[in-house]
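For reference, the structure discussed in these notes is given below.
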Amino acid sequence: MYITDERFFCEEISGDYPELASIAQTYRENGLEAAEKQLADFVRGFMRPDDYFKIPYYERENEWALASDDDFAAAEKILSGEIRSCSVSFKFPDTKHIDWEFNPTFNGYKEWTWQISRHHEWRCLGHCYRETGDEKYTIAFVDFLMSWCEQAVFSDSDGSGATKCWRTIEAGIRMNKNWHYAFHAFLSSPYMTDHVITTYIKSIWDHGYRLRSKASNGNWLIMEMAGLSHIGMLYPFLKNASEWADYAFDRLATELDIQVYPDGFQYELSTNYHDVVVQNYHWVLCTAEAIGYKVSDTLKRNLESMFELDINISCPDRKYPDLNDGGRSDVRFWCNMGRKYFPDNLGILYFATDGKEGSLPDHTSIALPYAGQTYMRTGWGEKDLWCFMDAGPFGRAHQHEDKLNILMFAYGKNVMPDSGNYAYDTSDMRRFVLGTYSHNCGLVDDLGQNRRNSYKWLPEMIGQRSDMKWMLSSSVDAVEGIYSEGYGPDLTAVTHKRKAIFFKKGIGGSLPFVLVSDRYLSGDQNEHKFATSYQMDIQPYTVDGKIFTADHGDGVTMSIISSIVPEVIVAQKEPYFIGWRKRFGADSESFEHSPAPCLQYVARGKEKRIVTLLYPSNDGRISISEVIASDCVNDTSVTLIIDAKSYTIDENDYVCSGEAFEKLI
């Protein structure tokens, strides 16, 4: 505990409440026990559980319980002293003997210890108590609260990321809902003694003090301010509560302008953290509504564009792609949240009701010029084709080295998914997903991109357009991007230019396909090895000369065709880690990930063009049997053999201008 009893009772309780006006005098004249009784009696009468529980019981987040366990099954494990974090469980002797700084992971994974102080278990116990009235849940909660408050300490010199229990992200998360839910649930229990209630309120003050004085930035700041706003709303009898609330709400309002690009993407460009931000605003607004706390409408500014972003980037299965340290969450869940605030938005309503109400957006494909991403689609149906290309900025945090990455979804299958996120550890797999090797990009001399080397986020970047160019139409979409920031630790000077052309109606009777033209240009006049690399998933595959085909089941295949025979790399660890797909649940050093083919189309020289064609199929046929393209960077023609007939494409016929924020059919 940071605050002392004397300071708490004599300086930090508001004098605006008659029941508490004499509490400093009580403490000085009658001692701690009398002051605790005066405070606890007031709190029992002041808190409004009936109003608080108008807030919906939130879905789970983080890996604190097995997905197969309902709350009661999870609670039984918690009651036995079993704590789960980051998919790893550990059983302490009992609820009285939790070591909040312990780490049972084989590799000392720091997130395990940090995340047990998010206290999702406390909310679970509170929920079970509300359902049953069984005091065993209260006893466990009191054990947890008292041991945590005794063990968890911080000092003024500890920055936002310091300590094992008091990182400000965890402080914000537990102040968003977990502590408050539990406290309101258990407040009337006889096990909530005067001393327990006082300990809780003193720690609430500690949280307010730390969140107000050690605020950070990015998605952390949103969680910190969401937590601080809850303290200000729910505990106004703390003297600083009003100032804390004003500060938090002001920061939350202004951060929407600071953190959200004009086209709606949160500046970390991670699908997961984009909606972490959205969710925290939602929690704040839900609490304010439940208890009747007036919040300015400016708090919702930009939120509508953030919900619309989820729609615009969604795959045909109604989930968004796994970008950067992202995830594949269901957009319908987020739109159901958004309809509460924007009931007149027909697109949000359509996704919220799974098409029963509202209407689809008035566009199919869309370019995001600030986020530097183009989402191309044949339509909004579950069997439609969807293609993504990233030609944008590095982002504020949680970035992967994957500029010019391409993803595809077709005929109900995620035929070319991103490698996605992985645990924030120091493993080969973590380095793999962060780097270029795990993405569908270019490699130079077997080295990946290295924007991280010299990148620095500047506030003005939020209003800067990317250098992406695009064209969108009813039959053909195209996008161009460029990477020129160096490869490997020495920043090898090679420029990679990529143009992707999506023939949404096919050519010559073919199914829709994407033509990818990569140009590699040496900046040091040396010869280099250039490789267009595609990290595929774990499906069965065949290689027939220059045609690679993966079988995704249900008659759906994904083929990559080129004028170059691909080099197929599977489960390689040296000289660099490539040819893998992640698996979660690592609990020992013997844990192995899933081998998966990585295709590399290689050319050597000072400048080369490499052309590949991405051909998903749902009819068991690959109607394009050959791609003929020279490796000269000045050549723009590509010849396709389609059902034994020759068709020539000129890249220059598809000019990408990107002069405006376009949303075209």
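Assorted remarks:
- Residues of segment 128-146 that are open to solvent by 30 Å² or more (accessible area, probe 1.4 Å), closer than 26 Å to Met1 by Cβ and among the β-branched types (Val, Ile, Thr): Ile139 alone.
- Of note, Asp544 satisfies the criterion of being without any contact (Cβ under 8 Å) to a residue 24 or more places away in the chain and among the acidic types (Asp, Glu).
Here is a yes/no grid of residues against (1) in contact with a Lys or Arg (Cβ under 8 Å, 6 or more places away or on another chain); (2) farther than 30 Å from Tyr109 by Cα; (3) surrounded by fewer than 24 Cβ atoms within 10 Å (Cβ to Cβ):
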{"site": "Tyr411", "(1), (2), (3)": "yes, yes, yes"}
{"site": "Tyr437", "(1), (2), (3)": "no, no, no"}
{"site": "Gly442", "(1), (2), (3)": "yes, yes, no"}
{"site": "Ser454", "(1), (2), (3)": "no, no, yes"}
{"site": "Ile462", "(1), (2), (3)": "no, yes, yes"}
{"site": "Lys469", "(1), (2), (3)": "no, yes, yes"}
{"site": "Ser475", "(1), (2), (3)": "yes, yes, yes"}
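- First in segment 564-583 and within 20 Å of Thr549 (Cβ to Cβ), second anywhere and of a type in the set (D, E, K, R) and surrounded by fewer than 19 Cβ atoms within 10 Å (Cβ to Cβ), Cβ under 8 Å, 6 or more apart: Ile564/Lys546; Val565/Lys546; Pro566/Lys546; Arg581/Asp537
- For first residues located in segment 407-426 and closer than 13 Å to Gly555 by Cα, partners that are at pLDDT 95 or above and not in a loop (DSSP other than H, G, I, E, B) and lie 6+ apart or on another chain with Cβ distances below 7 Å form the pairs Ala410/Pro616; Tyr411/Pro616; Val415/Met408; Val415/Phe409; Val415/Met558; Val415/Pro616.
- In segment 472-507, of all residues being more than 28 Å from the chain's Cα centre (by Cα), assigned to a strand (DSSP E or B) and touching a residue at least 40 places away in the same chain (Cβ under 8 Å), the one that is farthest from Thr364 (Cα to Cα) corresponds to Thr492.
- Residues of segment 73-100 that are of a type in the set (A, V, I, L, M) and part of a loop (DSSP other than H, G, I, E, B): Ile98 alone.
- Filtered residues of segment 606-628 (kept if under 38 Å from the mean Cα position of the chain (by Cα), of a type outside the set (Gly, Ala, Ser) and open to solvent by 10 Å² or more (accessible area, probe 1.4 Å)): Glu607, Lys608, Asn618, Asp619, Arg621, Ile622
- Only one of the listed residues (Tyr27, Tyr109) is under 22 Å from the mean Cα position of the chain (by Cα) and of a type outside the set (D, E, K, R). That residue is Tyr109.
- When the test is whether a residue is under 30 Å from Leu511 (Cβ atoms) and buried (at least 19 other Cβ atoms within 10 Å of the Cβ), Ala603 does not pass it.
- Every pair of residues 6+ apart whose Cβ atoms lie under 6 Å, when the first sits in segment 448-463 and is in contact (Cβ under 8 Å) with a residue 40 or more places away in the chain while the second is surrounded by 15 or more Cβ atoms within 10 Å (Cβ to Cβ) and part of a helix (DSSP H, G or I): Gly448/Thr436; Gly448/Tyr437; Gln449/Thr436
- The one condition from (1) within 18 Å of the chain's Cα centre (by Cα); (2) more than 25 Å from Arg519 (Cβ to Cβ) that Gly381 does not meet is (1).
- Looking only at segment 629-654, and only at residues there that are closer than 16 Å to Arg519 by Cα and among the aliphatic types (A, V, I, L, M), the one that is least open to solvent (accessible area, probe 1.4 Å): Val638
- Flag if Gly395 is part of a loop (DSSP other than H, G, I, E, B) and crowded, with 21+ Cβ neighbours inside 10 Å: yes
- Among the residues of segment 579-620, those identified as small (Gly, Ala, Ser) and modelled with pLDDT of 95 or more are Gly579, Ala596, Ala603, Gly605, Ser617.
- Among the helices (runs of 4 or more DSSP H) confined to segment 1-47, the ones with at least 2 residues that are open to solvent by 60 Å² or more (accessible area, probe 1.4 Å) and more than 18 Å from Cys149 (Cα to Cα) are located at 23-30, 32-46.
- Looking at Glu101, Glu12, Glu76, Glu82, just one residue is in contact with a Lys or Arg (Cβ under 8 Å, 6 or more places away or on another chain), closer than 26 Å to Ala152 by Cβ and without any contact (Cβ under 8 Å) to a residue 12 or more places away in the chain, and that residue is Glu82.
- Looking only at segment 48-72, and only at residues there that are of a type in the set (A, V, I, L, M) and farther than 24 Å from Ala290 by Cβ, the one that is surrounded by the most Cβ atoms within 10 Å (Cβ to Cβ): Ala65
The values are calculated or read from the model by the stated rules, or taken from the named source; none is laboratory data. On a predicted model such as this, the values are computed, not experimentally measured, just so you know. Counting neighbours? That spans all protein chains shown, and the Cβs are built from the backbone with ideal geometry, glycine included. Ligands, DNA and RNA are excluded from the accessible area calculation, which covers all protein heavy atoms including side chains. Shrake-Rupley method; radii C 1.70, N 1.55, O 1.52, S 1.80 Å.
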